[in-house]
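Enquirer: My structure is below; once you've seen it, I'll send some questions.
The values are calculated or read from the model by the stated rules, or taken from the named source; none is laboratory data. Keep in mind it's a predicted model, so treat the numbers as computed, not measured. Cβ: placed from backbone, ideal geometry, glycine included. Neighbour counts: every protein chain shown. The protein model used for the area step is the full one, side chains on, heavy atoms only, and it has no ligands, DNA or RNA in it. Shrake-Rupley method; radii C 1.70, N 1.55, O 1.52, S 1.80 Å.
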Amino acid sequence: MSKGRLEAFSDGVIAILITIMVLELKVPHGADADALRPVIPIFLNYVLSFIYLGIYWNNHHHMLQTTERINGSILWANLHLLFWLSLIPFVTAWMGENHFAPLPTAVYGAVLLFAGVSYLILQTMIIRAQGADSKLAKAVGSDVKGKLSALLYFFSLPLAFVNPWIADSIYIFVALMWLVPDRRIESTIIS
């Protein structure tokens with residue numbers, strides 16, 4: 001099967017998720033700085049979630065550049081990833097509205113954990129379909145970065161109940177880890 005429809009569908013879903021998130025930002029009632037204070041946590045959480053969706057979109061795009069063909073397993077693994085990503089607007093709004101309270105912060109982390117795991121599953125399905133000597137397999141190797149991300153998300157869950165700011169710091173750290181350009185796939189595509 002061709003990958004064009006998979007790419008177009010995934011791009012569309014991620015674009016819609018970003019649109020849903022921005023629609024959750026409410027205009028402050030007032031024109032002074034005090035009117036902005038209540039929306040600051042919501043805005044900061046929006047920025048973090050926007051970055052996460054951008055990271056997934058970027059890495060998904062790169063991963064599919066190495067993919068020559070898709071099959072049913074890849075389609076289902078991709079839908080699994082999109083399911084978890086589709087929950088990001090909900091957990092973003094919940095955590096922001098509740099000023100980073102422990103339970104919403106932990107649930108936000110759980111969604112990030114399951115999105116990360118589902119991305120690893122999609123990557124595994126592509127490698128299985130393309131073969132162990134495929135461009136993607138060579139590029140990601142043992143994928144320490146992906147596995148470390150999932151591990152950090154896992155530890156953030158109980159830490160959200162100890163101190164939500166610790167969990168939030170982990171989410172920011174993982175996002176920063178992925179913002180650093182990952183040259184593994186790009187260098188494989190070029191060579």
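Enquirer: Relative contact order for the chain using alpha-carbon pairs under 8 Å, separation at least 6, rounded to a whole percent?
Expert: 26
Enquirer: Using only helices, what value at 222 nm comes out for the chain when you add -39,500 (n - 2.57) per DSSP H run of length 4 or more and divide by the total residues, to the nearest 500 deg cm²/dmol?
Expert: Here the helix-only value at 222 nm equals -26500 deg cm²/dmol.
Enquirer: Just grab the label-to-label distance for Ile40 and Lys145, each label 7 Å out from Cα along the Cβ direction, in nm (one decimal).
Expert: Each label point is offset 7 Å from its Cα along the Cβ direction, giving 3.3 nm.
Enquirer: Rank by packing, highest mean first: peptides 84-95, 38-49, with packing defined as the count of other Cβ atoms within 10 Å averaged across residues.
Expert: Most protected by this proxy first, the peptides run 84-95, 38-49.
Enquirer: Once Lys and Arg get +1 and Asp and Glu get -1 on their Cβ, which of Gly131, Leu176, Ile51 lies farthest toward the positive end of the dipole of the chain?
Expert: Positive-most Cα among the choices belongs to Gly131.
Enquirer: Leaving out ligands, DNA and RNA, and with a 1.4 Å probe, what % of the accessible surface on the chain is carbon or sulfur?
Expert: Its accessible area is 71 percent carbon and sulfur atoms.
Enquirer: For a test of the definition: using alpha carbon positions, the gyration tensor, and the 1.5 limit on a/c, classify region 100-175 as rounded, prolate or oblate.
Expert: Verdict is prolate for region 100-175.
Enquirer: Among the lysines, select those whose C-alpha is under 27 Å from the C-alpha of Lys147, and discard any that sit fewer than 8 residues away in the same chain.
Expert: Cross-link targets: Lys3, Lys135, Lys138.
Enquirer: Here's something else I'd like to know. For the chain, what does the accessible surface come to per residue with a 1.4 Å probe? Please give it in Å². Write out the running numbers ahead of the final one.
Expert: On the way: 10000 Å² over 191 residues.
Ligands and nucleic acids excluded, the figure is 52 Å² per residue.
Enquirer: Under a crude label model (7 Å from the Cα following the beta-carbon direction), how far is Leu25 from Phe50 in nanometres?
Expert: 0.4
Enquirer: Determine the gain in length on full extension of the stretch Trp94-Ile121; use 0.36 nm per residue of separation and subtract their C-alpha separation, reporting nm with one decimal.
Expert: Taking 0.36 nm per residue and subtracting the Cα distance, the gain is 7.0 nm.
Enquirer: Next up: Can you tell me the length gained on complete extension of the stretch Phe83 to Asp32, counting 0.36 nm per residue apart and subtracting the Cα distance? Don't jump to the answer; show the numbers that get you there.
Expert: Details: separation 51, 0.36 × 51 = 18.36 nm, distance 3.91 nm.
Here the answer is 14.5 nm.
Enquirer: Right, another one. Could you give the distance between the Cα centres of region 45-105 and region 136-180, to the whole Å?
Expert: 14
Enquirer: Let me ask something else. Test of understanding: what is the full-extension gain from Asn163 to Arg128, defined as 0.36 nm times their sequence separation minus their Cα-Cα distance? Walk me through the intermediate numbers first.
Expert: Details: separation 35, 0.36 × 35 = 12.60 nm, distance 4.00 nm.
Working it through step by step, the gained length comes to 8.6 nm.
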